[in-house]
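Enquirer: Below is the structure I would like to discuss, written out as C-alpha coordinates.
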Amino acid sequence: MDKTKILMVCLGNICRSPLAEGVLRSKLPSDRFEVDSAGTANYHIGDAPDSRSIASGKKHGVDISMLRGRQFTAYDFSVFDFIFVMDKSNYQNIIRLAENDHDLRKISFLADALGEMKKSEVPDPYYGKEADFEKVYQLINTACDQIAQKLISNLL
Ligand code: 4NP
(Lines give C-alpha, C1' and ligand atoms only; values in the text may rest on other atoms or scores of the structure.)
Protein backbone atom coordinates (compact mmCIF):
# COMPACT_ATOMS: atom_id res chain seq x y z
CA MET A 1 0.00 0.00 0.00
CA ASP A 2 1.19 3.54 -0.77
CA LYS A 3 2.36 5.50 2.20
CA THR A 4 0.32 8.51 3.31
CA LYS A 5 2.42 11.62 2.73
CA ILE A 6 2.23 14.70 4.92
CA LEU A 7 3.93 18.05 4.30
CA MET A 8 4.53 20.80 6.89
CA VAL A 9 4.86 24.32 5.45
CA CYS A 10 6.14 27.60 6.90
CA LEU A 11 7.97 30.61 5.48
CA GLY A 12 11.67 29.80 5.78
CA ASN A 13 11.61 26.02 6.41
CA ILE A 14 14.17 26.51 9.17
CA CYS A 15 12.13 27.21 12.36
CA ARG A 16 8.57 25.86 12.51
CA SER A 17 8.05 23.36 9.69
CA PRO A 18 11.22 21.28 10.23
CA LEU A 19 10.26 20.99 13.91
CA ALA A 20 6.73 19.97 12.92
CA GLU A 21 8.19 17.46 10.47
CA GLY A 22 10.40 15.85 13.13
CA VAL A 23 7.70 15.86 15.80
CA LEU A 24 4.99 14.36 13.60
CA ARG A 25 7.39 11.76 12.17
CA SER A 26 8.26 10.66 15.71
CA LYS A 27 4.57 9.90 16.36
CA LEU A 28 3.83 7.87 13.22
CA PRO A 29 4.85 4.38 12.04
CA SER A 30 7.38 4.83 9.22
CA ASP A 31 6.05 1.86 7.25
CA ARG A 32 2.75 3.71 6.66
CA PHE A 33 3.63 7.41 6.68
CA GLU A 34 6.13 9.85 5.20
CA VAL A 35 6.57 13.36 6.56
CA ASP A 36 8.42 16.24 4.91
CA SER A 37 8.56 20.04 5.19
CA ALA A 38 9.09 23.03 2.92
CA GLY A 39 9.15 26.83 3.03
CA THR A 40 7.27 29.22 0.80
CA ALA A 41 10.36 31.47 0.55
CA ASN A 42 13.67 30.69 -1.09
CA TYR A 43 15.89 32.32 1.59
CA HIS A 44 17.07 29.13 3.26
CA ILE A 45 17.30 26.47 0.56
CA GLY A 46 19.88 23.88 1.65
CA ASP A 47 20.21 25.35 5.14
CA ALA A 48 20.05 23.37 8.38
CA PRO A 49 17.21 24.29 10.75
CA ASP A 50 17.69 27.33 13.00
CA SER A 51 19.89 26.37 15.97
CA ARG A 52 17.09 27.38 18.36
CA SER A 53 14.67 24.95 16.66
CA ILE A 54 17.29 22.19 16.74
CA ALA A 55 17.80 22.86 20.46
CA SER A 56 14.09 22.86 21.18
CA GLY A 57 13.61 19.54 19.38
CA LYS A 58 16.62 18.04 21.12
CA LYS A 59 15.28 19.08 24.52
CA HIS A 60 12.17 17.03 23.76
CA GLY A 61 13.95 14.06 22.17
CA VAL A 62 13.48 14.93 18.49
CA ASP A 63 16.60 15.32 16.34
CA ILE A 64 16.03 17.62 13.35
CA SER A 65 19.68 18.61 12.80
CA MET A 66 19.99 16.60 9.57
CA LEU A 67 17.04 18.31 7.82
CA ARG A 68 17.72 20.86 5.06
CA GLY A 69 15.58 23.70 3.79
CA ARG A 70 13.73 23.51 0.52
CA GLN A 71 11.11 25.64 -1.20
CA PHE A 72 7.48 24.59 -1.67
CA THR A 73 6.50 24.08 -5.32
CA ALA A 74 3.22 23.40 -7.13
CA TYR A 75 4.48 19.85 -7.68
CA ASP A 76 4.11 19.23 -3.92
CA PHE A 77 0.33 19.17 -4.44
CA SER A 78 0.69 16.05 -6.56
CA VAL A 79 3.02 14.30 -4.07
CA PHE A 80 1.40 14.98 -0.69
CA ASP A 81 -1.97 13.88 0.72
CA PHE A 82 -2.08 16.39 3.58
CA ILE A 83 -0.43 19.82 3.72
CA PHE A 84 -0.32 21.71 7.03
CA VAL A 85 0.51 25.42 7.05
CA MET A 86 1.65 27.34 10.11
CA ASP A 87 0.07 30.73 9.41
CA LYS A 88 -2.21 32.73 7.12
CA SER A 89 0.58 34.06 4.95
CA ASN A 90 1.82 30.51 4.26
CA TYR A 91 -1.77 29.66 3.29
CA GLN A 92 -2.04 32.63 0.95
CA ASN A 93 1.31 31.80 -0.61
CA ILE A 94 0.49 28.19 -1.41
CA ILE A 95 -3.13 28.58 -2.55
CA ARG A 96 -1.74 30.71 -5.38
CA LEU A 97 0.07 27.60 -6.63
CA ALA A 98 -2.93 25.26 -6.37
CA GLU A 99 -4.35 24.16 -9.71
CA ASN A 100 -7.76 22.90 -8.61
CA ASP A 101 -10.09 22.18 -5.67
CA HIS A 102 -8.47 18.81 -5.09
CA ASP A 103 -5.17 20.62 -4.37
CA LEU A 104 -6.92 23.16 -2.13
CA ARG A 105 -8.65 20.48 -0.06
CA LYS A 106 -5.26 19.08 0.94
CA ILE A 107 -4.38 22.24 2.88
CA SER A 108 -5.21 22.90 6.51
CA PHE A 109 -3.87 24.97 9.38
CA LEU A 110 -1.78 22.92 11.81
CA ALA A 111 -3.21 25.00 14.67
CA ASP A 112 -6.75 23.83 13.83
CA ALA A 113 -5.78 20.56 15.55
CA LEU A 114 -5.12 22.26 18.89
CA GLY A 115 -8.45 21.40 20.50
CA GLU A 116 -8.97 23.51 23.61
CA MET A 117 -5.71 25.42 23.05
CA LYS A 118 -7.01 26.32 19.63
CA LYS A 119 -5.31 29.22 17.92
CA SER A 120 -5.39 30.10 14.29
CA GLU A 121 -1.64 30.13 13.76
CA VAL A 122 1.70 28.78 14.90
CA PRO A 123 3.46 32.17 15.24
CA ASP A 124 6.76 32.85 13.52
CA PRO A 125 9.47 32.68 16.25
CA TYR A 126 12.34 33.84 14.00
CA TYR A 127 12.73 37.24 15.66
CA GLY A 128 11.81 35.85 19.07
CA LYS A 129 13.63 34.34 22.03
CA GLU A 130 14.16 30.80 23.29
CA ALA A 131 10.83 30.96 25.14
CA ASP A 132 9.06 31.66 21.83
CA PHE A 133 10.61 28.52 20.37
CA GLU A 134 9.43 26.51 23.39
CA LYS A 135 5.88 27.83 22.86
CA VAL A 136 6.09 26.88 19.20
CA TYR A 137 7.26 23.38 20.18
CA GLN A 138 4.33 22.99 22.60
CA LEU A 139 1.78 24.09 19.98
CA ILE A 140 3.31 21.81 17.36
CA ASN A 141 3.53 18.85 19.74
CA THR A 142 -0.09 19.15 20.89
CA ALA A 143 -1.37 19.57 17.35
CA CYS A 144 0.73 16.65 16.09
CA ASP A 145 -0.60 14.37 18.85
CA GLN A 146 -4.12 14.99 17.53
CA ILE A 147 -3.11 14.69 13.89
CA ALA A 148 -1.14 11.47 14.45
CA GLN A 149 -4.06 9.83 16.28
CA LYS A 150 -6.41 10.72 13.44
CA LEU A 151 -4.00 9.64 10.72
CA ILE A 152 -3.35 6.30 12.40
CA SER A 153 -7.08 5.64 12.73
CA ASN A 154 -7.78 6.87 9.17
CA LEU A 155 -9.94 9.70 10.49
CA LEU A 156 -8.42 12.53 8.48
P1 4NP B 1 10.05 29.76 9.70
O2 4NP B 1 10.74 31.08 10.32
O3 4NP B 1 9.10 30.25 8.64
O4 4NP B 1 9.32 29.16 10.87
O5 4NP B 1 11.16 28.89 9.17
C6 4NP B 1 11.43 32.00 9.55
C7 4NP B 1 12.70 31.72 9.13
C8 4NP B 1 13.41 32.66 8.41
C9 4NP B 1 12.83 33.86 8.11
C10 4NP B 1 11.54 34.13 8.51
C11 4NP B 1 10.84 33.19 9.24
N12 4NP B 1 13.57 34.83 7.39
O13 4NP B 1 13.06 35.96 7.20
O14 4NP B 1 14.70 34.55 6.95
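The values are calculated or read from the model by the stated rules, or taken from the named source; none is laboratory data. The structure presented is a predicted model; accordingly, all values stated were derived computationally and were not measured. We place every Cβ from the backbone using ideal geometry, glycine too, and count neighbours over all the protein chains shown.
Enquirer: Assess whether Phe133 counts as being touching a helix residue (DSSP H, G or I) at 6+ places or on another chain (Cβ under 7 Å) and under 19 Å from Glu34 (Cα atoms).
Expert: Spelling it out, it is not the case that Phe133 is touching a helix residue (DSSP H, G or I) at 6+ places or on another chain (Cβ under 7 Å) and under 19 Å from Glu34 (Cα atoms).
Enquirer: Identify all residues within region 1-37 that are hydroxyl-bearing (Ser, Thr, Tyr) and more than 16 Å from the ligand (Cβ to nearest atom); write none if there are none.
Expert: Looking only at region 1-37, we keep the residues that are hydroxyl-bearing (Ser, Thr, Tyr), and these are 4, 17, 26, 30, 37.
Passing the criteria: Thr4, Ser26, Ser30.
Enquirer: How many residues are within 15 Å of the chain's Cα centre (by Cα) and either at pLDDT below 95 or surrounded by fewer than 19 Cβ atoms within 10 Å (Cβ to Cβ) (or both) when one looks only at region 37-62?
Expert: 1
Enquirer: Something else: Search region 102-116 for residues that are over 8 Å from Val85 (Cα atoms) and pair each with any residue that is surrounded by fewer than 14 Cβ atoms within 10 Å (Cβ to Cβ) and hydrophobic (A, V, I, L, M, F, W, C) when their beta-carbon atoms are under 9 Å apart and the residues are at least 6 apart or on different chains.
Expert: Asp103/Ala74; Asp103/Ile95; Leu104/Ile95; Ala111/Met117
Here's the yes/no breakdown for (1) closer than 17 Å to Leu139 by Cβ; (2) among the polar types (S, T, N, Q):
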site: Met1; (1), (2): no, no
site: Gly22; (1), (2): yes, no
site: Ala41; (1), (2): no, no
site: Ser53; (1), (2): yes, yes
site: Thr73; (1), (2): no, yes
site: Phe84; (1), (2): yes, no
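Enquirer: For Ile107, are the conditions met, namely being closer than 19 Å to Glu34 by Cα and either touching a Gly at 6+ places or on another chain (Cβ under 8 Å) or within 12 Å of the ligand (Cβ to nearest atom) (or both)?
Expert: Values: closer than 19 Å to Glu34 by Cα: yes; either touching a Gly at 6+ places or on another chain (Cβ under 8 Å) or within 12 Å of the ligand (Cβ to nearest atom) (or both): no.
It is false that Ile107 is closer than 19 Å to Glu34 by Cα and either touching a Gly at 6+ places or on another chain (Cβ under 8 Å) or within 12 Å of the ligand (Cβ to nearest atom) (or both).
Enquirer: Assuming Gly46 fulfils every condition listed in (1) assigned to a loop (DSSP other than H, G, I, E, B); (2) of a type outside the set (S, T, N, Q); (3) over 14 Å from Val9 (Cβ atoms); (4) away from the ligand (no atom under 15 Å from the Cβ) apart from one, which condition is it?
Expert: The single condition Gly46 does not satisfy is (4).
Enquirer: If Lys119 meets every condition in (1) touching a residue at least 12 places away in the same chain (Cβ under 8 Å); (2) surrounded by 15 or more Cβ atoms within 10 Å (Cβ to Cβ); (3) farther than 20 Å from Lys3 by Cβ; (4) out of contact with any His (no Cβ under 6 Å at 6 or more places or on another chain) apart from one, which number is that one?
Expert: So Lys119 meets the others, but not (2).
Enquirer: Among the residues of region 71-80, which ones are surrounded by fewer than 20 Cβ atoms within 10 Å (Cβ to Cβ) and either polar (S, T, N, Q) or within 13 Å of the chain's Cα centre (by Cα) (or both)?
Expert: Filtering region 71-80 for residues surrounded by fewer than 20 Cβ atoms within 10 Å (Cβ to Cβ) gives 71, 73-75, 78-79.
Passing the criteria: Gln71, Thr73, Ser78.
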